[in-house]
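Notes follow the structure.
The values are calculated or read from the model by the stated rules, or taken from the named source; none is laboratory data. Please read these numbers as outputs of a predicted model, since none were measured by experiment. When we count neighbours, we look across all protein chains shown, and the Cβ atoms used for this are built from the backbone with ideal geometry, even at glycine.
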């Protein structure tokens, strides 16, 4: 859908960069100054477009304890392409929850974020690999990020 989109300006045009979806936990680590998270985001920016689900945006806003923190978070998120929910993402999320809620304790937010990545065929970086590794069709990238993983 939005990953590996070709530039439609003709045969000599360069292809657009891939979006790599980043999970909330990586952004929280970056906000806490954890070097691996900051390095991961920098590596992604060199090779792809940073993306997040709107669910991640909402999770970060919920974590803010003051208007100043909210403003700082809003400025930080300007680096990211925010992918909004739509009917396709919603349908995939329902299917994931039906399949994995009881067997793997998949949470609603995680299901929506995974569905966002699946719907766009977008690689996904998360620190919590255990929350997602069982989801078929989800392309998980390792964390901390490794350059070879980002060459998509």
| query | Residues of segment 45-72 being surrounded by 15 or more Cβ atoms within 10 Å (Cβ to Cβ), in a helix (DSSP H, G or I), touching a helix residue (DSSP H, G or I) at 6+ places or on another chain (Cβ under 7 Å) and modelled with pLDDT of 95 or more, which ones? | reply | 55, 56, 57, 59, 60
| Of residues in segment 123-141 being part of a loop (DSSP other than H, G, I, E, B) and touching a strand residue (DSSP E or B) at 6+ places or on another chain (Cβ under 8 Å), the one surrounded by the most Cβ atoms within 10 Å (Cβ to Cβ) | 126
| message | Suppose we filter segment 81-98 for residues that are touching a residue at least 40 places away in the same chain (Cβ under 8 Å) and buried (at least 20 other Cβ atoms within 10 Å of the Cβ); how many remain? | response | 1
| Residue satisfying condition, being modelled with pLDDT of 95 or more, buried (at least 17 other Cβ atoms within 10 Å of the Cβ), touching a strand residue (DSSP E or B) at 6+ places or on another chain (Cβ under 7 Å) and within 24 Å of residue 139 (Cα to Cα), within set 23, 29 | 23
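Conditions (1) at pLDDT below 95; (2) surrounded by fewer than 22 Cβ atoms within 10 Å (Cβ to Cβ); (3) under 11 Å from the mean Cα position of the chain (by Cα); (4) not in a loop (DSSP other than H, G, I, E, B), marked per residue:
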| position | (1), (2), (3), (4) |
| --- | --- |
| 100 | no, yes, no, yes |
| 103 | no, yes, no, yes |
| 106 | no, yes, no, no |
| 109 | no, yes, no, yes |
| 121 | no, yes, no, no |
| 145 | yes, no, no, no |
| said: Of everything in segment 108-129, what is without any contact (Cβ under 8 Å) to a residue 24 or more places away in the chain and in contact with a helix residue (DSSP H, G or I) (Cβ under 9 Å, 6 or more places away or on another chain)? Give them in sequence order. | reply: 108, 110, 111
